[in-house]
2 protein chains.
Amino acid sequence: MNNNERYFSERSKPLKASAIREMFKLMADPAVISLAGGSPAPELFPGEELSKIAGKILMTNPTGALQYGTTDGYKPLKELVAERVRKIGSIKEGDKLIITTGAQQGIDLAAKALVNEGEPVVVEAPTFVGTLNSLRSYQAKLIGVKMDDDGMNMEALEEALKNNNVKLIYTIPTFQNPSGITMSLEKRKKLLALAEQYDAVILEDNPYGDLRFAGTDIPTVKSMDTSGRVIYVGTFSKILSPGMRIGYVIANADFVDKIEVLKQANDVHTPLLTQMMAAEFLKKYDIDQYIEKSRKLYGEKCAFMLECMDKYFPNTVSYTRPQGGLFIMCTMPEGTDSNKILAECLKEKVAFVAGNSFEVDADKPANYFRLNYSTMPNEKIEQGIKAIGKVLKEQLG
Amino acid sequence: MNNNERYFSERSKPLKASAIREMFKLMADPAVISLAGGSPAPELFPGEELSKIAGKILMTNPTGALQYGTTDGYKPLKELVAERVRKIGSIKEGDKLIITTGAQQGIDLAAKALVNEGEPVVVEAPTFVGTLNSLRSYQAKLIGVKMDDDGMNMEALEEALKNNNVKLIYTIPTFQNPSGITMSLEKRKKLLALAEQYDAVILEDNPYGDLRFAGTDIPTVKSMDTSGRVIYVGTFSKILSPGMRIGYVIANADFVDKIEVLKQANDVHTPLLTQMMAAEFLKKYDIDQYIEKSRKLYGEKCAFMLECMDKYFPNTVSYTRPQGGLFIMCTMPEGTDSNKILAECLKEKVAFVAGNSFEVDADKPANYFRLNYSTMPNEKIEQGIKAIGKVLKEQLG
């Protein structure tokens, strides 16, 4: 049995490990300056608070934390999340909420619930690699719709909807991954109108919505949905802890019921201790005050990275100037292969994510890359950007 | 949009909530005596130990527990699990190990990695409902192979393999769910030989292997595999805590690599805190001593339940006498519908799981049911068995 390939399902055959996750292995080398990840700043983790909370839960209610739980999630956490989300209008009458093992599971099970083999799904081009891989694993036909500075190009979207029987449109409207772009209010309304017209479901992924450090909030797509066609995915990964793996899906009850059945067969339920810890944290502490710290820090770090880029990057490259989130996207002249630039930068011990990872066709070279500013100290940011700038100048001539 | 059914994928349409998980909701009524679950005894949970461990981890290494981790799992836990499993021969050269969010995720992703729509998969009849639902969600063609007192009927298995191009054989060889039956050594060898002959992969699920309270251990199927065709799934759910959701898959590296890629797109990684807690527990405490307590307790409870059944059940029903695990299967005269018996028992405030849940065709009435003895105190076990006995006598005449 040297070749196990023949045992693999068709859906799993084309899947490769995410370049970003693989990059995590590189990051184990402390000499590497990684601008590759999408991790929150570790100095913001409320370790002491969560330590006390975890200790107390297990001491006073061990059975609650250690026994099996219900698939839909720990009830007090569900209620607290609903309360938070209600403030931004992302939960409505007729909706249900389910806790998932990170937003990734919410996305994965929504895809599993909806997408048949070969069915067209619209994604932003570029978009989050985790969603691309999940959709690939259900053999979706991926259709990338190009991005403008204010979100998905609506003409391209309409064209895609007109020419394909699209069931699902996936979007990260706010501080998009990898671009940092935020979809304008007008485009959000247009997106809803087009989904209505072409009877498509929208999967709105909002991991970064809380992390605005400039400009003013724009309503979520879900909050403006009047026909129950938006499935909303949220997470605590960027505002509390990604290692706890707590996400949630909010949608019309029909959708959530189906996702719940699929979750039963996927992991039975999300671990209880971390759910209970999140609930206790929300009850005991003012998470908004804590988020405020994140906003301030990321705003400063983003500004600093942009300053360094202005200083060290050649003017043949352009980049986004996000108002929140964790990422800056940097575009090089057409025809440049970001993977070649990455290879050169890795020699200088600096890592980022090459653009092709975020593309429907990941084998095709892409002329852009993603930079993250949330985890590295400023001196490393400067050192890293300087090194990338040097490579860019050498390589782009 | 009153009918969202039309949006659902073909794979998700037939899936219904597991009757067992639904039963959990009933169990919220403290007046109900539930012999339905498959939960470990809550009095065995080492709450105090885990409280100290969790508190310390979050205090001394908050970033380790709260930041993103690698998809394959927390390395020290992987090493400790490998060490344990090596003692029973279930990990070999060329194998890899991956931590999963409960054994359920291991089963689900193994199915996703291997099974194409319409492909024949052999399962024991009856078998674990979680696996049935997972296989259904990948549109496997399920083939049930009947059980003898010493495991799968090998003639029926060979017949199934001969007549179908079976890629995967799913088995719980030790203290099977729901039957409590253990596959004999001869049958394990025959199973391997048949898998070899018909080139099928074996998915060996072993959640109860540590819980033997009578008889002697039989080698795992994995330990006797010489061609890398057994995917082994284990879990801490029955020996430490199900709420922590920590399982693992061990198999030839090809299989585990594929499962890792699918896990990336499914939940990125299993929550870190609970993985670190399990590792610390294994390091600091003698889990075998703790397992010894579980064995003793379950042995006593099983014996007590069987005693009650001998006393209160009519002799028209027969039942298994397991040497370990958590379940007794009770068979009524042919033609009896266990769901009708369950409905009557629920009126008496006693719950168990009706047999049809464990069948490939769950809509067909089954003449057996599953009883669990691990969670209820003895007086409730007697009260429950007495009530079921009364219903059985009334209903079976």
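The values are calculated or read from the model by the stated rules, or taken from the named source; none is laboratory data. Source: prediction; values computed, not measured. Heads up, the Cβs are rebuilt from the backbone with ideal geometry, glycines too, and the neighbour counts pull from every protein chain shown. Protein only, heavy atoms only, side chains kept; ligands, DNA and RNA dropped before computing areas. Shrake-Rupley method; radii C 1.70, N 1.55, O 1.52, S 1.80 Å.
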**Q.** A:LYS347 versus A:GLU394: modelled label distance in nm, points set 7 Å from Cα along the beta carbon direction
**A.** 0.5
Q) Tell me, what is the FRET efficiency for A:LYS283 and B:LYS189 to the nearest 0.05, using R0 = 45 angstrom and their Cβ-Cβ distance as r? A) 0.20
Q. Spin-label point model (7 Å from Cα, Cβ direction): what's the B:SER227 to B:ASP149 distance in nm?
A. 3.3
Q | Accessible area expressed per residue, chain B, with surrounding protein chains retained (probe 1.4 Å, Å²) | A | 35
Q. Under a 1.4 angstrom probe, counting protein chains only, how are A:MET376, B:MET309 ranked by accessible area, largest first?
A. A:MET376, B:MET309
Q.
For a quick check of your reading of the filter: which trypsin sites (Lys or Arg not before Pro) in the stretch A:51-116 sit in a DSSP loop and have no more than 16 other Cβ atoms within 10 Å?
A. A:LYS87
**Q.** the stretch A:289-361: GluC sites (Glu not before Pro) in DSSP coil with no more than 15 other Cβ atoms inside 10 Å
**A.** A:GLU334
Q. To the nearest 100 Å², how much accessible surface do chains B and A cover up together, summed over both, with a 1.4 Å probe?
A. 7300
Q. Which distances, shortest first and in nm, link A:ASN3 to the matching position in the other copies, using label points set 7 Å out along Cα to C-beta?
A. 4.7
Q. On the accessible surface of the stretch A:105-185, probed at 1.4 Å, how many percent belong to carbon and sulfur atoms?
A. 44
Q | Value of relative contact order over the stretch B:94-225, rounded to a whole percent, pairs C-alpha under 8 Å and six or more apart | A | 23
Q. Going 7 Å from the Cα of A:LYS380 toward and past its Cβ, which residues in the stretch A:305-334 have a backbone nitrogen under 15 Å from where you end up?
A. A:305
Q. Over the protein assembly as shown, how many percent of alpha carbon pairs lie in each 20 Å bin up to the one with the longest distance?
A. 16, 49, 29, 5, 0
Q) Taking the alpha-carbon centroid of each part, what is the distance from the stretch B:360-397 to the stretch A:88-161 in angstrom? A) 45
**Q.** Chain-alone versus full-assembly comparison, the stretch A:66-115, residues with accessible loss of at least 20 Å² (1.4 Å probe)
**A.** A:LEU66, A:GLN67, A:TYR68, A:THR70, A:THR101, A:GLN104, A:ASP108, A:LYS112, A:ALA113, A:LEU114
Q) Between B:GLN275, B:GLN383, B:GLN176, which gets the highest mean-square fluctuation from a Gaussian network model of chain B, Cα cutoff 10 Å? A) B:GLN383
Q. Placing +1 at every Lys and Arg Cβ and -1 at every Asp and Glu Cβ, with all other atoms neutral, what dipole size does the stretch B:84-241 have around its Cα centre, in debye to the nearest 20?
A. 420
Q: Scan the stretch A:32-95 for GluC sites (Glu not before Pro) in coil per DSSP, keeping those whose Cβ has at most 13 other Cβ atoms within 10 Å, and list them by number.
A: A:GLU93
Q. Using a label position 7 Å from Cα in the Cα→Cβ direction, what is the ascending list of nm distances from A:GLU155 to the same site in the other copies?
A. 7.3
Q) Expressed as a whole percent, how much of the Cα-Cα distance distribution for chain B exceeds 33 Å? A) 32
(Q) Helix check for chain B. Which DSSP H runs span at least 27 Å along their own axis by Cα, with a mean Kyte-Doolittle hydropathy no less than -1.0? (A) B:287-312
Q) Along Cα→Cβ at 7 Å, what distances in nm separate the A:ALA214 label point from those on the other copies, shortest first? A) 7.4
